[in-house]
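Everything on this sheet refers to the single structure shown next.
Read-outs: derived from the displayed coordinates by stated rules, not from any lab. Since this is a predicted model, take the numbers as computed values, not measurements. Cβ coordinates were reconstructed from backbone atoms using ideal geometry, including for glycine residues, and neighbour counts include every protein chain displayed.
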Ligand SMILES: *Cc1c(COP(=O)(O)O)cnc(C)c1O
C-alpha cells in the first residue's frame, strides 16, 4: 500500500532574515516533496481511505471538490495508481465550460467528472443523496470533500511523527481542518497549534475543531482567518510579491491558495510579536503547488 511517497518529508530551516529578531527559530516541514500531485497533506488524508477501499474490495472511489481542488486531483492520481475507477462530483455546472488545469488533470488521470449545481453540491453530506450517488455510480467507496473523515484525521496524525519536541508552535493552513485536527491530536497537549484559513469567514473552523480535538488539548489551538486575500482561490499582487520574495530568500515554492496565505499571516504575526521571543516555530508546507498553474507567468519559480 505505502508506495506513493517518492521522497520522505524533511525539515528545512528558513533564512534567519525572515524571522529575526522576533523568534528563536522558524523551520518548515516540507510535505510538498512527497509527490508532485498527491502532495503534502493529501496523501495522509487519502491513504487510510484507500486502504479501506482495498480491504473492502471496492472497484471505484467517488469524491467531491471544486474546480481548483487539490484533493480532487490527488484522489484521481492515487485512484489511478491503485487501480480504482474514480468519479469526481464537481461544484458548479459552469466549471464544465472552462475546465481549469486542475480539472483537466483529473480527467487525464481517468476521473469521470460529474458537474452539479451549487444546490446539489450542498447535499454532499446528506445520507439520501449519497445513497443516490452510490446507486448511480455502481457502489463506489465515497470519500467526503477534502478527505474530511476519521480515516483522514488518523492519517494526518502521522504528520506529527515528523515533528520533534523542540518546537513550541506549529503552524499550518486549513481547508476542512482535517490535517489540523490530526496533527493537534497527535502532538503533546502543550504545543501551540495555529491554523490559517484561506477563505472569507474562516472563523467557523474554530467550531469544527472543537468537535474533533480532544478537550484537554483545545486551549492552545487556534484558527486565524485574517489572511484570506479576498477569498478562497483569490490573490493580490501583494500575495504574489510575498511568494516571489519567499522563494528568493528560502528557495521554497509556496502555493497561491494555502501556504502563501499562511506565510503572510506568520510574517505579520511575527511583526506584531504574537509569538514569544523564545518561540521555536515549525510551519508545515502542505503542498498544493499544482494549483499555481494559472499564475505561472507572475512567479519567478
Ligand atoms: C487541501 C489543502 C489544505 C487543507 O487541508 P485540510 O486538511 O482540508 O484542512 C492545506 N494546504 C494545502 C496546500 C492543501 O492542498
Working from Cα positions, state the angle (0 to 90°, nearest 10) between the long axis of helix 259-271 and the longest principal axis of the chain. 20 degrees
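I'd like the projected area of the stretch 87-245, averaged over all directions, using the convex hull of its alpha carbons. Report it in nm² with one decimal.
Values: hull surface 47.3 nm².
The number I arrive at for the stretch 87-245 is 11.8 nm².
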Answer rounded, prolate or oblate for the stretch 158-264, using the Cα gyration tensor with square roots of eigenvalues a ≥ b ≥ c: rounded when a/c is under 1.5, else prolate when a/b is larger than b/c, else oblate. oblate
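Using the per-residue mean of other Cβ atoms lying within 10 Å as a proxy for protection, in what order, highest first, do the peptides 262-271, 290-299, 219-228 fall? Mind dumping the intermediate values first?
Details: 262-271: 20.5, 290-299: 14.2, 219-228: 17.7.
Packing order, densest peptide first, comes out as 262-271, 219-228, 290-299.
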Exposure proxy check: 134, 179, 117 ranked by fewest other beta carbons within 10 Å? 117, 134, 179
Find the centroid of the Cα atoms in the stretch 3-40 and in the stretch 124-152, then give the distance between the two in whole Å. 33 Å
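Run lengths n ≥ 4 of DSSP H only: what is the helix-derived mean residue ellipticity at 222 nm for the chain, with -39500 (n - 2.57) per run over all residues, to the nearest 500? Show your work: numbers first, answer last.
Working: 10 runs with 101 residues, N = 301.
Calculated mean residue ellipticity at 222 nm is -10000 deg cm²/dmol.
Taking every pair of distinct Cα atoms and averaging 1/r, then inverting, what Kirkwood hydrodynamic radius in Å comes out for the stretch 221-301?
13.4 Å
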Please report 100, 259 as a ranked list, fewest other C-beta atoms within 10 angstrom at the top and most at the bottom. 100, 259
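Nearest-5 percent of antiparallel DSSP beta bridges in the chain? Write out the running numbers ahead of the final one.
Details: 4 of 35 bridges.
In the chain, approximately 10 percent of DSSP beta bridges are antiparallel ones.
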Spin-label zone in the stretch 266-301 - amide nitrogen under 16 Å from a point set 7 Å from the Cα of residue 98 along the C-beta vector: 293-296
Considering all alpha-carbon pairs of the stretch 21-61, what whole percent are spaced by more than 14 angstrom? 62 percent
Taking Rh as the Kirkwood radius computed over C-alpha pairs, what is the Stokes-Einstein D of the chain at 25 °C in a medium of viscosity 0.890 mPa s, expressed in µm² per second? 125 µm²/s
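If you rank 300, 142, 240 by fewest surrounding Cβ atoms within 10 Å, what's the result?
Details: 300 10, 142 22, 240 16.
With the fewest neighbours first, 300, 142, 240 line up as 300, 240, 142.
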What percent antiparallel are the DSSP beta bridges of the stretch 1-138, to the nearest 5? 25 percent
